[in-house]
Amino acid sequence: MNLLSALGAIEIGLIFGLVSLGIFLSFRVLNFPDLTPDGSFTLGGAVAAILISKEFNPFLATAVAIVAGAVAGWTTAYLNVRLRVMQLLAGILVMIGLYSVNLRVMGQPNIALIDAPTVFRVLSIGKVPLYWTQPLVLLVLVIIVKLILDSYLASEDGLAMRSTGVNPRMARAQGISTDRQTLVGMALSNGLVALAGALFAQSQGGADISMGVGTIVAGLAAVIIGETLLPSRYLGWVTASCVLGAVLYRFLVVLALNTDFLGIQAQDLNLITSLLVAAALVLPTIRKRLATGPRLRKAIPKEVS
């Protein structure tokens, strides 16, 4: 792995760090198995790309993309809490619908932003190459988003949202509107995913209708890998583990694709993702068995000869 590959892995890993934070909100905080990110990621990229191509300010375009993603997440939550559509089905319905919405937004399957003034070009420092500027800008942005999310989840509203995911019945008994918390949480979750999609489109030089395929799997892989490697009950460490898991996941993917003797090609990316997620899921179980094995042996009394 050369320097450019490493910087590229960090760049994409930080972008998917935002995705993992959004998925952490839905899957872990709200306990809502949401499949909308596959569509909201593309929606964020599509909205940002079409606005930038029409000479809108890239920061404004990114902000509009966040709002569009939030609306998509709110719609999924609304189907569930108001219309009583089951969670998985609500996410599937919105994800499928967003495919057509994204095509309508872009007007074509893809939009190029090769010479367009993106956020990264505006924030570029002198003659510093973009392959250095983009990871640095993303690092600062991810840290800011993480700190804001930590602060929100530690606030009164954030604690109400966390209690909604842990025990909705008890939360309602305490006077918390669980429906409202679900709507807000899902909007925030998919807003973060759309932000990642907008930044991905600007960093990669364009948006494509299929760019969101596998987003939910990659985000879940990041969350699971992070929780496995950095298990903690402290909120700040948990959100940090999501970002670190995303970066590590991209490094593992790039390392696998650049390892010649394995014979892995680009079309094997989904297979690599599946194997990484499976390994991350199995690792905690193996760790528990290894930890409890010696304890069980000590607990069993020796036979008296």
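Of 160, 198, all but one fail to be buried (at least 17 other Cβ atoms within 10 Å of the Cβ), part of a helix (DSSP H, G or I), out of contact with any Asp or Glu (no Cβ under 7 Å at 6 or more places or on another chain) and free of Cβ contacts under 8 Å to residues at least 24 places away in the same chain; the exception is 160. When residue 92 is tested against (1) in a helix (DSSP H, G or I); (2) under 18 Å from residue 197 (Cα atoms), just one condition goes unmet, and that condition is (2). Could you check residue 213 against (1) farther than 22 Å from residue 141 by Cα; (2) assigned to a helix (DSSP H, G or I) and say which number it fails? If we test residue 213 against (1) farther than 22 Å from residue 141 by Cα; (2) assigned to a helix (DSSP H, G or I), just (2) comes out false.
Consider segment 38-74. How many of its residues are without any contact (Cβ under 8 Å) to a residue 24 or more places away in the chain and part of a helix (DSSP H, G or I)? Lay out the reasoning, then the answer.
So the first thing to find is which residues in segment 38-74 are without any contact (Cβ under 8 Å) to a residue 24 or more places away in the chain, and the list is 51, 54-57, 60, 63-64.
From what's left, part of a helix (DSSP H, G or I): 51, 60, 63-64.
Residues in segment 38-74 being without any contact (Cβ under 8 Å) to a residue 24 or more places away in the chain and part of a helix (DSSP H, G or I): 4 in total.
Could you list, in sequence order, the residues of segment 213-237 that are hydrophobic (A, V, I, L, M, F, W, C) and without any contact (Cβ under 8 Å) to a residue 60 or more places away in the chain?
Narrowing segment 213-237 to residues hydrophobic (A, V, I, L, M, F, W, C): 213, 216-218, 220-225, 229-230, 235, 237.
If the condition is that a residue be hydrophobic (A, V, I, L, M, F, W, C) and without any contact (Cβ under 8 Å) to a residue 60 or more places away in the chain, then 221, 224, 225, 229, 230, 237 are the ones that fit.
Taken over segment 123-136, the criterion of being modelled with pLDDT of 90 or more and either over 18 Å from the mean Cα position of the chain (by Cα) or not in a helix (DSSP H, G or I) (or both) is satisfied by 134, 136.
Among the residues of segment 196-215, the one identified as modelled with pLDDT under 90 and of a type in the set (A, V, I, L, M) is 213.
Which one is surrounded by the most Cβ atoms within 10 Å (Cβ to Cβ), of the residues in segment 39-63 that are more than 15 Å from the chain's Cα centre (by Cα) and within 18 Å of residue 99 (Cα to Cα)? Among those residues, the one meeting the criterion is 48. The number of residues in segment 163-182 that are among the polar types (S, T, N, Q), surrounded by 13 or more Cβ atoms within 10 Å (Cβ to Cβ) and not in a helix (DSSP H, G or I) comes to 2. Test residue 285 against the criterion of being loosely packed, with under 14 Cβ neighbours inside 10 Å, of a type outside the set (A, V, I, L, M, F, W, C) and either at pLDDT 75 or above or assigned to a loop (DSSP other than H, G, I, E, B) (or both), and give yes or no. Judged against the criteria, residue 285 is a match. With respect to (1) among the charged types (D, E, K, R); (2) within 19 Å of residue 252 (Cβ to Cβ); (3) under 12 Å from the mean Cα position of the chain (by Cα), the lone exception for residue 11 is condition (3).
Determine if segment 26-37 includes at least one residue that is more than 13 Å from residue 202 (Cβ to Cβ), part of a loop (DSSP other than H, G, I, E, B), touching a residue at least 24 places away in the same chain (Cβ under 8 Å) and among the acidic types (Asp, Glu).
Among the residues of segment 26-37, at least one is more than 13 Å from residue 202 (Cβ to Cβ), part of a loop (DSSP other than H, G, I, E, B), touching a residue at least 24 places away in the same chain (Cβ under 8 Å) and among the acidic types (Asp, Glu), which makes the answer yes.
Residues considered: 100, 151, 189. Of these, the only one that is within 20 Å of residue 18 (Cβ to Cβ), of a type in the set (S, T, N, Q) and surrounded by fewer than 17 Cβ atoms within 10 Å (Cβ to Cβ) is 151.
The values are calculated or read from the model by the stated rules, or taken from the named source; none is laboratory data. Source: prediction; values computed, not measured. Glycine gets a Cβ as well: all are built from the backbone with ideal geometry, and neighbour counts include every protein chain shown.
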